[in-house]
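**Student:** Below is the structure I would like to discuss, written out as structure tokens.
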Amino acid sequence: MITLKTAQEIELLRGSCQIARDTLLYLEDKIQAGMTTKDIDTLAYEFIKAQGAIPSCLGYHGYPASICTSVNHCIVHGIPSSKQILQNGDIISVDLVAYKNGFHGDAARTFAVGQVTSQAQKLIQVTKESFFQAIDGLFIGSPLNNIGAKIQEYVEKNGFQVVREFVGHGIGREMHEDPAVPNFGKAGTGIRLQAGMVLCIEPMIVAGKRDVTILKDGWTAVTTDGSLAAHYENTIVITEQGVEVLSL
Ligand code: MF3
Ligand code: CO
């Protein structure tokens with residue numbers, strides 16, 4: 001069931017999304033070679049708590065950390081660890097959700113650690129741009145799968161692949177609500193967007209083959225071929241004016 005949000009609810013969502021955004025900006029500034037992914041998790045936990053919010057991922061279906069830290073060939077749901085030390089040349093996707101006043105705000109970014117290869121830079125850039133391609137020209141009445149079609153077209157045109165196993169989602173009082181928002185698909189198909197729909201659009205893009213392996217911890221999703229992966233996510237709302245990005 002898709003729950004449409006009122007103007008008042010969107011105000012509360014905006015607050016949670018801005019905390020998620022601010023946390024990512026704070027982490028971007030801190031992340032450097034020599035830190036562990038657990039250090040990043042601790043910084044995020046403290047920052048989110050200081051905003052009067054709760055990190056939604058902590059304890060979600062038993063997830064053991066406040067944020068997801070996915071390094072290099074890890075696509076999503078990397079678990080922060082005190083044994084994982086960031087190196088110059090790594091890329092790291094940080095995905096986090098802040099909960100405040102009854103609503104969740106969800107966002108993710110991929111950061112470069114020090115000097116990264118030009119391929120890694122391009123992957124990060126194309127993943128981010130695919131999000132903006134997807135929201136360009138979205139209105140009330142647009143078919144949902146126009147989002148995935150735009151992402152897929154842009155990503156493949158740039159020589160990369162879209163992961164199929166994980167998708168975006170609605171969000172609100174629950175972290176994951178209907179509808180599922182695939183990052184691939186056929187334009188002109190799917191439900192029609194309505195005013196007050198709040199969606200997380202989150203392309204997960206790989207430089208090599210798009211096959212996914214889940215590690216024994218039951219969470220960590222990596223590319224089977226070991227190729228690099230990037231992730232970019234924002235929470236958006238459909239309005240009479242088009243799209244508003246709540247987590248920018
Ligand atoms: N932002 C992630 C998502 O879109 C949240 C994952 S939290 C975890 O689903 F607990 F599942 F890791
Ligand atoms: Co999400």
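The values are calculated or read from the model by the stated rules, or taken from the named source; none is laboratory data. This structure is a prediction, so every number in the text was calculated from the model and none was measured. When we count neighbours, we look across all protein chains shown, and the Cβ atoms used for this are built from the backbone with ideal geometry, even at glycine. The protein model used for the area step is the full one, side chains on, heavy atoms only, and it has no ligands, DNA or RNA in it. Shrake-Rupley method; radii C 1.70, N 1.55, O 1.52, S 1.80 Å.
**Student:** For the range 70-125, what are the residues that are within 14 Å of the chain's Cα centre (by Cα), open to solvent by 10 Å² or more (accessible area, probe 1.4 Å) and hydroxyl-bearing (Ser, Thr, Tyr)?
**Tutor:** Result: Thr110, single match.
**Student:** I'm trying to understand the selection: among the residues of the range 93-136, which are touching a strand residue (DSSP E or B) at 6+ places or on another chain (Cβ under 8 Å) and free of Cβ contacts under 8 Å to residues at least 24 places away in the same chain?
**Tutor:** Scanning the range 93-136 gives Ala112, Gln121.
**Student:** Which of (1) within 22 Å of Val76 (Cα to Cα); (2) open to solvent by less than 40 Å² (accessible area, probe 1.4 Å); (3) not hydroxyl-bearing (Ser, Thr, Tyr) does Phe132 not meet, given it meets every other one?
**Tutor:** Of everything listed in (1) within 22 Å of Val76 (Cα to Cα); (2) open to solvent by less than 40 Å² (accessible area, probe 1.4 Å); (3) not hydroxyl-bearing (Ser, Thr, Tyr), Phe132 misses just condition (2).
**Student:** Does the range 188-221 hold any residues that are assigned to a loop (DSSP other than H, G, I, E, B), under 16 Å from Gly141 (Cβ atoms) and open to solvent by less than 60 Å² (accessible area, probe 1.4 Å), and which are they?
**Tutor:** Hits for the range 188-221 are Gly188, Thr189, Gly190, Leu193, Ala195, Gly196, Met197.
**Student:** Among the residues of the range 153-180, count how many are within 16 Å of ligand 1 (Cβ to nearest atom) and either among the acidic types (Asp, Glu) or assigned to a loop (DSSP other than H, G, I, E, B) (or both).
**Tutor:** Of the residues in that region, 13 qualify.
**Student:** State yes or no: is Asn183 in a loop (DSSP other than H, G, I, E, B) and within 16 Å of ligand 1 (Cβ to nearest atom)?
**Tutor:** It is true that Asn183 is in a loop (DSSP other than H, G, I, E, B) and within 16 Å of ligand 1 (Cβ to nearest atom).
**Student:** Count, please, the residues in the range 47-82 that happen to be within 20 Å of Gly34 (Cα to Cα) and either touching a Ser or Thr at 6+ places or on another chain (Cβ under 7 Å) or in a strand (DSSP E or B) (or both).
**Tutor:** 11
Results for (1) hydroxyl-bearing (Ser, Thr, Tyr); (2) over 20 Å from Tyr232 (Cα atoms), shown as yes or no for each residue.
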| residue | (1), (2) |
| --- | --- |
| Ile2 | no, yes |
| Thr6 | yes, yes |
| Ile40 | no, no |
| Lys49 | no, yes |
| Tyr63 | yes, yes |
| Ile67 | no, no |
| His73 | no, no |
| Ser82 | yes, yes |
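**Student:** Output yes when any residue across the range 165-180 is of a type outside the set (A, V, I, L, M), open to solvent by 10 Å² or more (accessible area, probe 1.4 Å) and away from ligand 2 (no atom under 16 Å from the Cβ), and no when none is.
**Tutor:** Checking the range 165-180: not a single residue is of a type outside the set (A, V, I, L, M), open to solvent by 10 Å² or more (accessible area, probe 1.4 Å) and away from ligand 2 (no atom under 16 Å from the Cβ).
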